[in-house]
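Below is one structure, written out as structure tokens; the observations come after it.
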Amino acid sequence: MSVSWIFVVAILIAVVGLGFVVSQLLRLRAGLSRDVPEATFVDPAAFGLSRSGPTIVHFTAEWCGPCVALRRVVEEVCAELPAVAHVEIDMDADPEAARQLSVLSLPTTFVFDSEGRQHYRASGVATAAELRGAVEPLLA
């Protein structure tokens, strides 16, 4: 192989590697849902969490367009699963709550159990299937 072919192959490998890294960063930034690696606890009374079952908490703001879509999804899931409570927190009205949970983008959704342990977190508009999948194990 000539030196120019080796150079071309090296450039192609670098471009593919860079593309992979960029795609992973964009995936993380897009707010795809993720499992919570270690238990995060909050005071159930401070966030108005249900003491009898799971609670879906989502942060919103009046100016947030996607928050309206998420509200519909959360209401749909709560209507299907009446044991699931719903708390909506306006980030502009309660910035301290957002700070406590490191909310940096809207909408952000959490699922907590009755003891205040966080089981799910997602930024962006979660689907009904994702939310059901997060809360149904907590209903058993």
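Where a number appears in this text, it was derived from the coordinates with a stated rule and is not lab data. Just so it is clear, the structure is predicted and the values come from calculations on it, not from any experiment. Ideal geometry is used to build each Cβ from the backbone, glycine not excepted, and the neighbour counts take in all protein chains shown.
Assorted remarks:
- Beta bridges per DSSP, both residues in the chain: antiparallel share near 70 percent.
- Cysteine residues of the chain whose Cβ has no partner cysteine Cβ closer than 4.7 Å: Cys78.
- The length gained on full extension between Ser102 and Val3, counted as 0.36 nm times the residue separation minus their Cα-Cα distance, comes to 30.6 nm.
- Using alpha-carbon coordinates, inclination of helix 65-80 to the longest axis of the chain, degrees: 60 degrees
- Site pair Val21 and Asp43 shows an inter-label distance of 4.4 nm when each label is modelled 7 Å from Cα along Cα→Cβ.
- Among Ser52, Ser114, Ser23, the largest mean-square fluctuation in a Gaussian network model of the chain (Cα springs under 10 Å) belongs to Ser23.
- Estimated inter-spin distance, Ile11 and Glu115, nm [label 7 Å along Cα→Cβ]: 5.9 nm
- Maximal additional length on extending the Ala61-Glu136 stretch stands at 24.3 nm, based on 0.36 nm per residue less the C-alpha distance.
- For Tyr120, distant residues with modelled amide H under 5 Å away: Val111
- Computed [θ] at 222 nm, deg cm²/dmol, the chain (DSSP H ≥ 4; -39,500 (n - 2.57); rounded to nearest 500): -14500 deg cm²/dmol
- The Rg/Rh ratio for the chain is 1.19, where Rg is the radius of gyration of the alpha carbons and Rh is the Kirkwood radius.
- Euclidean distance between Cα centres, region 38-68 to region 82-125, Å: 3 Å
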